[in-house]
Amino acid sequence: MANDKFSVSDMAIRLPKIGDVAMAEALRFEGKILGATVSRTANRWFVAIQVEVADAQFHRTRTAHGVTGVDLGIKAAATFSSGEAIAAPKPLKAALRRLKIRGRRVSRKIESAKVAAGFAPGAKLPKGTRLPVSGNRRKSATTLARLHARIANIRADFTHKLTTRLCRENQAVVIEDLHVKGMLANDKLARTISDVGFGMFRSQIEYKAKRYGTRLVIADRWYPSSRLCSFCLWKNEALTLKDREWTCPECGTHHDRDHNAALNRQRLATATALPVASPSSNGGATAETVSAVAGKVTPVRYECGQQDTSGQEKNRAHLRALS
Ligand SMILES: [Zn+2]
């Protein structure tokens, strides 16, 4: 909806054909209004208003300037290099259980509508068949839709708080290449950040990094975050996905898998911060990808020493073979 079609006053929006509609909260941003989109989720109406804001309003101030490596997992939704583990939101589990129950209630009503229409129970309906929708079915479908919306809200709230905190408290955050993890669709281990989807986490942390001027570093997909001993850099080739803990035979350090991975990622940020005079000088404008080689933290670096770009390629291929 173009900005000449509506107008926003304190707590209301004037929409074409409808007129004034009260809003649950006043517009939080000052600036030129560019447009708006009205949407409905589970019988609730929303309006998203696009506002062009000044830089001063866009940028946020950090409260701390740490450097944090992050590991996203299932045991803890997120583990920081500080050792802090963030659990998945509790209401989510309960809501997911209710989802099953409510889903069954709806399908039972669909089943009985089928039988009432003369089909065998469990039969596949011919294409284009429309069953009469009972009032009770409509009601329970609405309840189910509301629960779906609630679950989506819990998940979004969780990633928002997580990504805001990471950007607000750190001058650099190192995350894994989530695209790769997301591709392991069938792997239970790929289900993380409360099944929220990596796209949401990634896009949120990217735009927030810009707002807070936080450097966002994406660890290369070949960087063996879990396999390296974060203390002595010995590489545990035998580590499997099942190993939640392990002890380094070189230095004797006992590792929690997720914490160790977060620590290894944290080092990527400090290693690559060296050529940058001021860590926030790029304003966190773009996420950088750090390969295991560019990160200059693996023992491989010492074997290869100084190298040109082609050397890095070779080196990377070498690492690929290792991982
Ligand atoms: Zn070690």
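Kindly indicate whether Ile110 is at pLDDT 85 or above and either over 30 Å from Leu166 (Cβ atoms) or out of contact with any helix residue (DSSP H, G or I) (no Cβ under 8 Å at 6 or more places or on another chain) (or both). Criteria met by Ile110.
This table checks each residue for (1) exposed (fewer than 10 other Cβ atoms within 10 Å of the Cβ); (2) under 23 Å from Arg146 (Cβ atoms).
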{"site": "Met1", "(1), (2)": "no, no"}
{"site": "Phe6", "(1), (2)": "no, no"}
{"site": "Ser9", "(1), (2)": "no, no"}
{"site": "Ala12", "(1), (2)": "no, no"}
{"site": "Pro16", "(1), (2)": "yes, no"}
{"site": "Ala22", "(1), (2)": "yes, yes"}
{"site": "Glu25", "(1), (2)": "yes, yes"}
{"site": "Arg40", "(1), (2)": "yes, yes"}
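Looking at the structure I just gave you, is Ala64 out of contact with any strand residue (DSSP E or B) (no Cβ under 6 Å at 6 or more places or on another chain), among the small types (Gly, Ala, Ser) and over 30 Å from Asn260 (Cα atoms)? Here the answer is no, as Ala64 does not meet what is asked.
Taking the criterion of being free of Cβ contacts under 8 Å to residues at least 60 places away in the same chain, open to solvent by 50 Å² or more (accessible area, probe 1.4 Å) and over 20 Å from Leu178 (Cβ atoms), the residues of region 85-98 that qualify are Lys90, Lys93, Leu96, Arg97, Arg98. The sole residue among Asn236, Asn260, Asn264 that is farther than 22 Å from Asn170 by Cβ, crowded, with 17+ Cβ neighbours inside 10 Å and in contact (Cβ under 8 Å) with a residue 12 or more places away in the chain is Asn236.
The values are calculated or read from the model by the stated rules, or taken from the named source; none is laboratory data. Remember, it's a predicted structure, so these values are computed and weren't measured experimentally. Neighbour counts are summed over all protein chains in view; Cβ atoms, including those assigned to glycine, are modelled from backbone coordinates with ideal geometry. For the accessible areas, the whole protein counts, side chains as well, though only heavy atoms, and no ligand, DNA or RNA atoms are used. Shrake-Rupley method; radii C 1.70, N 1.55, O 1.52, S 1.80 Å.
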